[in-house]
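To start, the structure itself, in structure tokens.
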Amino acid sequence: MTERHAGSCLCGAVRIEVEGPLPGPDACHCTMCRKISGHFLASTDVQKEAVRVLGEEHVGWFQSSEKVRRGFCTRCGSTLFWDPIHKDTIAVAMGVFDPPTGTRLHRHIFVADKGDYYDITDELPQSPD
Ligand SMILES: [Zn+2]
């Protein structure tokens, strides 16, 4: 049987299933991810065709740049997706998934834009952008 990971937004109106293992998530510290997530955004990049969304009518989209839109639950506001619209992958927010996720945070990106109120103290690789 294929590995499958499921989860939901906080209120449960949106359920998400991903077929296959979850690749090592990035923690993105860019200003946009910090604003939309409330801290920084850990997400895993998966093929769009591997993602199934139940309650899709509750997913709202915010076009945060020309090439990227961000998905959230219109009922509870949970951060769900970072979607580079012209690519065949989509980043799913790690907060969505029920345990066990079977994966581990794998690196920090855009650390040059990180907040001034915390330090990154793990040993994971860091990229300034
Ligand atoms: Zn919700």
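The values are calculated or read from the model by the stated rules, or taken from the named source; none is laboratory data. Computed from a predicted model, the values in this text were never measured in an experiment. Here Cβ is always computed from backbone atoms with ideal geometry, including for glycine, and neighbour counts include all displayed protein chains. Please note that ligands, DNA and RNA were not included when accessible areas were found on the heavy atoms of the full protein model with its side chains. Shrake-Rupley method; radii C 1.70, N 1.55, O 1.52, S 1.80 Å.
(1) closer than 15 Å to ILE109 by Cβ; (2) out of contact with any Ser or Thr (no Cβ under 8 Å at 6 or more places or on another chain): which one isn't true of GLU57, the others all being true?
Of (1) closer than 15 Å to ILE109 by Cβ; (2) out of contact with any Ser or Thr (no Cβ under 8 Å at 6 or more places or on another chain), only one is false for GLU57: (1).
Can you pull out every residue in the stretch 85-124 that is open to solvent by 80 Å² or more (accessible area, probe 1.4 Å) and over 21 Å from VAL68 (Cβ atoms)?
PRO99, PRO100, ARG104, ASP116, TYR117, ASP119, THR121, GLU123 - these are the residues of the stretch 85-124 that are open to solvent by 80 Å² or more (accessible area, probe 1.4 Å) and over 21 Å from VAL68 (Cβ atoms).
Looking at this structure, is ARG75 within 16 Å of the ligand (Cβ to nearest atom), under 26 Å from ARG4 (Cα atoms) and open to solvent by less than 20 Å² (accessible area, probe 1.4 Å)?
The answer is no for ARG75.
For GLU66, work out the one condition from (1) within 15 Å of the chain's Cα centre (by Cα); (2) part of a loop (DSSP other than H, G, I, E, B) it doesn't fulfil.
(1)
Search the stretch 11-59 for residues being basic (Lys, Arg) and over 22 Å from ASP122 (Cα atoms), and hand back the single one that is farthest from the ligand (Cβ to nearest atom).
LYS48
Do you know which residues across the stretch 1-18 are under 10 Å from HIS58 (Cβ atoms) and touching a His at 6+ places or on another chain (Cβ under 6 Å)?
Selection gives ALA13, VAL14.
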